[in-house]
Amino acid sequence: MQGFDVNKQGFDVNKIVQVSPTAHAQSAEITQWQIVNDMKIAVGFEGADIEKYRKKVLGVTDVSCLARYGVKGPQAAQWLADHEIAIPANSNSWTMCDQKTLVMRLGSSEFLLEDQWGGGACKQLAADSSRQANVYKVARADAAFILSGSAVLNLLSELCAIDLSEQSLSSKEVVMTQVAGISATVLRQTIAGEPVYRLWCDGTYGAYMWQVLLDIAVELGGGAVGLAQYQN
Amino acid sequence: MTLRIAKQTGEWLNRDKKIHFEFEGQALTAFKGDTITSALWAAGLTVLGRSFKYHRARGILSLANHDVNILVTDGIDTNMRADVVEVTEGMKLSAVNTSGSVKKDKNSYIDSISPLLPVGFYYKAFHTPRRLFPFWENIIRKAAGLGIVNFNYPRILKRKQHTHCDVLVIGAGPSGLTAAYLAAQAGLTVTIVDENKQAGGSLGYDRAGDAASVAQLQDLLNKVTSQDNITLLTASYAAGYYPDHLIPIVSAQGISKVRARAVIVASGAFEQPPVFRYNDLPAVMLGSAAQRLIYRYGVKPFNHGLVLTANDYGYRVALDLLQAGTKVVAVVDMRKAGDAAYTAKLIEHGVKIYTGHCVYEALASSDKSSVKGAVICAYDDKNNLALTSNKFTLACDGIAMSAGWTGASALLYQAGTGMQFNYQIEQFIPSRLPDGMFAAGKVNGVFNLEQRLQDGVRAANAAIGYLGLKAVQTEAITHTGSSPSHPYPMVPHEKGKNFVDFDEDIQIKDFVNAAKEGFDNIELMKRFTTVGMGPSQGKHSNMNAIRILAKIRNLPVEKIGTTTSRPFFHPTPIGHLAGRGFHAHRLTSLHDWHHTHGAVFTDIGAWKRAAYYPAPGQAKQDAIQAEAMAVRHSAGIIDSSSFGKIELHGPDAAEFLERFFTGVYKTQKVGACRYLMLLDESGVVVDDGIASRLAEDLFYLSIGTSNAAAVYREMQRYQQMWQLNLGLVNVTGAFGAIGIAGPAARIILATLTDLDLSDEAFPISCVREAKVAGVAARVIRLSFVSDKTYELHVPMSQVPHVWHALMTVGEKHGLRPFGSDTQRLLRLEMGHAMPGVDTDGLTNPFEIAADWAIKMNKAYFIGQRSLAILAKRPLRKQLVPFVLAQNFAGEMPMDCNLVIEGQDIIGRVTSISYSQFIGRCIGFAYVTPDKTALGSTFSIRTDNGSLVTATVVATPFLNNQKDA
């Protein structure tokens, strides 16, 4: 049938490969792709030196491939504790648990976890398919970003109405707010000694968010940074 | 002739840098830092623009960003305010609103017929006879407006940013700078904003001939710049006040939305012109304008100047003129007496002072380009009379005017400040400030410099205390001495041309006429006379207008009140307001596939959905019909990932659904699906969808694309009220959905799953959880577009895998994709009405024959009470399925075409389409209840006016393949 031929050669029904939700917006760029955590993701855009420079000025990196797990419900905190996951004591704060997993407490009874490089709590929790009263699994399909560099607040000031500066957003605080007109979660984190901002939004907005972030980053002298800059 | 004088201490010029430019074809030079106006004035040019209505010659008025008669264009930009826009190398400028040239404007004849054009004449003159209106409209449109819009103006991005501070100080004059410094010393982050290019306010130019204030200003600026926690923004204006201290700051680069914990308004005051005949001539300017010209730009306002004053400020202006080398012909004071010290000082300089006198009229030079003298006469202050019996003329080439002030209070008004008229200073000042708002300086009614500094300290301490820090709270400062403003600086003249509003050429007599016509309320008078409606928004006219109306009505000023102040305080370019365009949109994980395969996209809610997939050269309708035929004859596949998807977890999930929707869910079996209909409290249909019960305590809801976010928000709101034991999870973005429909759907799907798809094991309206192509899926059997439809709900990132698998195995069965436009045709063929398409904001379920979906015997559901009332009333309209005649070949009716009976509209078409499969045009329409019986006919009026007969049939339309 004209126009709807299927690429049989490249398709293996037994091999499930996901694609980063931001990929649509990156396809126009010179992108090096890699499969990380079963997701095709951009690991590089330019030479390492250029990307290192961008990181210092204003880098935007897609880290949607990191595993995430969401859970909510009156017993969610206890359930996580039963799985030996350290949780933040207060709402709207985060901690890094022993499993190298970022644990964000989005409300009194809602949590979002994200495995960092080498982290494993999300995979461990995902393997538990049991259902427990008052514990509700929240399916996640986030687009996730690292924003780095000296001009990052300049970028965020254009996209978000609340004060995300160090003076206002404490180091262990999580904010759920609007970024570029859509719901997003933001926190400050230090990765390999570098202070960065983390940003999550619904994956279906991923391409839009990438484009907005990148447009402004380029105007401010930065640009796209591949995942490879953080993998090591 | 040049009026450039020697370098002034603190001037804003760089005299080492010469600028070359042209104005109206004349080559001129300026210094770096000159505004267009200062450069022109220095070159001896006085006619810099023309007034809007009468095209009268105009020069400098304020030199403070309000000289709206001097708007220029450089050929690219227009309506540039020459009094503040810096002249740059190579500019080729000309005045706007002129015909020919600014000096010899062909439209200046309008001034001579001005008696025929009083305010409001066009309200009365042109509406009859109606046939002539297009003629007048053409003339008025040509005459109206300032400047010519350049449609090729480049798109220059103006960024909009959000910033934050503890204290925002509006105005970098002495009060503002003092307040900012003190607040910063208390450890607060402070932002100061000032519309001028440099900070300092009147401290920089109001010198009374003495440069001592320059050092005082420098000291203040040094203190401010020494504080790291102060951000000083110049050439930026605070454009409005919004709740919670949100204030947009506009600069050439864009808009910064500042959220402050406290705001100190130290915005100063606008000098107000006295009103006398020909007070608008070039070289008649405000005293503060003359001072700015001297000290900011090193330009002498006149050679032989006269000062008309009604306060002590005019004496200070006279001393500044003397310092600049102007011979001050006289100071004419409308009051009985002036300040003794200033008087002595001026007399010492040989300046003649006429107290109790006024300028009866200014005398124009022969070419009306300047002033040649002023007629002076005694003035009866009490009775507002010009005593002309002994009038005399003084020769001069310019007049500086100082009659009083009005506070720059716009933001205070917008913030809800209570304002009171203070007769001691003849000014509206704050009497009750909102929380976190503070006022200091002239806007607060404090004029003496030392007192303004103290007022800045007081306001800062008040703000510091408000923010929870320790601070000494001091008493409010009260103005001492004579009033800075005259109560009625209006000199009557029988021949008029005594202008109140320079933007719109409004004279005193216009207000009198407006009042006679009954427009004697300030808001009505504003609209009738258009006072304050020009580009300067009444900054130099509103106060005088209030005073005139008070006099006409013989009421105190405070009884007249003020007009409403609204953001933006100053005209702001559209490009600034637009900023960067954010168009948030959602893409499904199959977006690239759709794109690659030629999909035409449509916006549904925030989503980009594939509407149909035309082959090269194929028309839209042909593509849709081909896709629909595939579904009817073989199989079609659609990306339905944009559907709203919500999970309800918990023991009270069914209870919640029963309260929220119209149906019954407690008895719903696990593995079964039920229809959802959502109403609002008034019984109007809002949305519909499907509830799939996955477990006793878990429902999975799929609802329409466009309303999904709103429905989820409403569910959260009701849950907050009901506090049931459940959890709501919005998984719209986490799950994607694929619909596969048609006779071959089952066989295609069966190759990728172990699930028993037989009708017995998996009938319509059931849900199963199974793996499809190795992916965990929620499989729902529906009949929305076909009796054989399966919806596969899988994690969004795995949708492409399942889609590819289906396409691969479906190829031999003729599987092809179809889009959302085709889906609409398919559901129409099935006879399903869609909320939002076949309903509107008033439709109740009875009108769409959805009684079956309403379980009135439940204890409660949203809209139930309204439905109980509606059920007792006869229906006024009802949705019916219809077909057009077989082989219909006339003008095709469209959605929203009206159903007509005789001369009456009895309904409208909501959906209509030709169906190739059925071979007829089918649709839904609202009609009156008497037209709903099967076989009834009604007429649809098409866009070309023809009437088309439609016949009511039963659904599904698929049964109408034969004759209806």
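The values are calculated or read from the model by the stated rules, or taken from the named source; none is laboratory data. Just so it is clear, the structure is predicted and the values come from calculations on it, not from any experiment. A quick note on method: Cβ atoms are made from the backbone with ideal geometry, for glycine too, and the neighbour counts reach across all protein chains shown. Heads up: the accessible areas ignore ligands, DNA and RNA and are worked out on the full protein's heavy atoms, side chains in. Shrake-Rupley method; radii C 1.70, N 1.55, O 1.52, S 1.80 Å.
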Can you tell me the dipole magnitude for the range B:499-575 around its Cα centre, using point charges on the Cβ only (Lys, Arg +1; Asp, Glu -1), in Debye to the nearest 20? 240 debye
Residues of the range A:52-68 with amide N under 19 Å of a point placed 7 Å along Cα→Cβ from A:N232: A:52-56, A:61-62
Output the peptides B:151-159, B:688-696 sorted from most to least packed, where packing is the average of other Cβ atoms within 10 Å over each peptide's residues. B:688-696, B:151-159
Which of the peptides A:205-212, B:130-137 is most tightly packed, and how do the rest follow, judged by the mean count of other Cβ atoms within 10 Å per residue? A:205-212, B:130-137
Fraction of accessible area attributable to carbon and sulfur, the protein assembly as shown (%, probe 1.4 Å): 52 percent
What does the charge count near B:I748 come to, summing +1 for each Lys or Arg and -1 for each Asp or Glu among other residues with Cβ under 11 Å from its Cβ? +2
Difference of contour (0.36 nm per residue) and Cα-Cα distance, B:Q216 to B:I347: 44.4 nm
I'd like the residues of the range B:785-834 whose 1.4 Å-probe accessible area shrinks by no less than 50 Å² going from the isolated chain to the full set of protein chains. B:S797, B:H801, B:T808, B:E811
Between B:Q473 and B:A125, with labels modelled 7 Å along Cα→Cβ, what's the label distance in nm to one decimal, could you check? 6.0 nm
For the A and B pair, go ahead and give the buried accessible area with a 1.4 Å probe, both sides summed, in Å² to 100. 3900 Å²
Partner shielding of B:252-260, as the mean number of partner chain Cβ atoms within 10 Å, equals 1
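How big is the charge dipole of the range A:68-138 about its Cα centre, in debye rounded to the nearest 20, if each Lys and Arg gets +1 on its Cβ and each Asp and Glu gets -1 on its Cβ? Please report the intermediate quantities before stating the final value.
On the way: 7 positive and 7 negative charges, 40 e Å.
With only Lys, Arg, Asp and Glu charged at Cβ, the dipole is about 200 debye.
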With only helices counted (DSSP H, runs n ≥ 4, each -39500 (n - 2.57)), the per-residue ellipticity at 222 nm for the protein assembly as shown, to the nearest 500, works out to -6500 deg cm²/dmol
Would you work out if the protein assembly as shown is rounded, prolate or oblate? Take a ≥ b ≥ c from the square roots of the eigenvalues of the alpha-carbon gyration tensor; rounded if a/c is under 1.5, else prolate when a/b is larger than b/c, oblate otherwise. prolate
Mean Cβ count within 10 Å, highest first, over the residues of peptides A:83-96, B:369-382: B:369-382, A:83-96
Can you spot the lysines whose alpha carbon is less than 22 Å from B:K103's alpha carbon? Ignore those fewer than 8 places along the same chain. B:K53, B:K92, B:K142, B:K300, B:K368, B:K372, B:K497
Go through B:A180, A:G73, B:S366 and say which Cα lies farthest out towards the positive end of the charge dipole of the protein assembly as shown; charges sit on Cβ, +1 for Lys and Arg, -1 for Asp and Glu. B:S366
Would you mind pulling out the separation of the Cα centroids of the range B:864-884 and the range B:788-851, in Å? 26 Å
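Rounded, prolate or oblate for the range A:68-138? Axes are the square roots of the Cα gyration tensor eigenvalues, ordered a ≥ b ≥ c, and the cut-off for rounded is a/c under 1.5.
Working: a/c = 1.80, a/b = 1.13, b/c = 1.60.
Oblate is the answer for the range A:68-138, as a/c is 1.5 or above yet b/c matches or exceeds a/b.
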If the reach is capped at under 29 angstrom between alpha carbons, list the lysines near B:K645, excluding any in the same chain fewer than eight residues apart. A:K15, A:K40, A:K72, A:K123, A:K137, B:K608, B:K666, B:K669, B:K771, B:K788, B:K855, B:K858
Interface residues, the range A:190-212 - accessible area loss of 50 Å² or more versus chain alone, probe 1.4 Å: A:T204, A:Y205, A:Y208
Tell me, what is the per residue accessible area of the range B:499-575 in Å², probe radius 1.4 Å? 40 Å²
Which value, in debye to the nearest 20, gives the size of the charge dipole of the protein assembly as shown about its Cα centre, when Lys and Arg are +1 and Asp and Glu are -1 at the Cβ? 2080 debye
Accessible area in square angstrom per residue, the range B:84-207, 1.4 angstrom probe: 53 Å²
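Percent antiparallel among DSSP beta bridges with both residues in chain B, to the nearest 5?
Here the share of antiparallel DSSP bridges comes out near 75 percent.
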Return the residues of the range B:581-611 for which accessible area with all protein chains present is lower than in the chain on its own by 20 Å² or more; set the probe to 1.4 Å and exclude ligands, DNA and RNA. B:F582, B:A584, B:H585, B:R586, B:L587, B:D592, B:H597
For chain B, restrict the atom set to alpha-carbon positions and state the Rg and Dmax in Å. 37.6, 114
Can you pull the mean other chain C-beta count within 10 Å for peptide A:140-147? 2
Stretched out fully, how many nm does the piece from B:K858 to B:N383 gain, at 0.36 nm a residue minus the Cα gap? 163.0 nm
Go ahead and run the numbers for FRET between B:T942 and B:S682, Cβ-Cβ distance against an R0 of 25 Å, rounding to 0.05. 0.15
Can you list the aspartates and glutamates whose alpha carbon is less than 16 Å from that of B:K124, not counting same-chain residues fewer than 8 positions off? B:E137, B:D510, B:E517
Residues whose placed amide H lies under 5 Å from that of B:T309, excluding near-sequence neighbours: B:V332, B:D333, B:M334, B:S402
Between B:H583 and B:N390, what is the spin-label point distance in nm, taking each point 7 Å from the Cα along the Cα→C-beta axis? 7.6 nm
Taking the solvent-accessible surface of protein heavy atoms with a 1.4 Å probe, what is the per residue accessible area of the range B:644-827 in Å²? 32 Å²
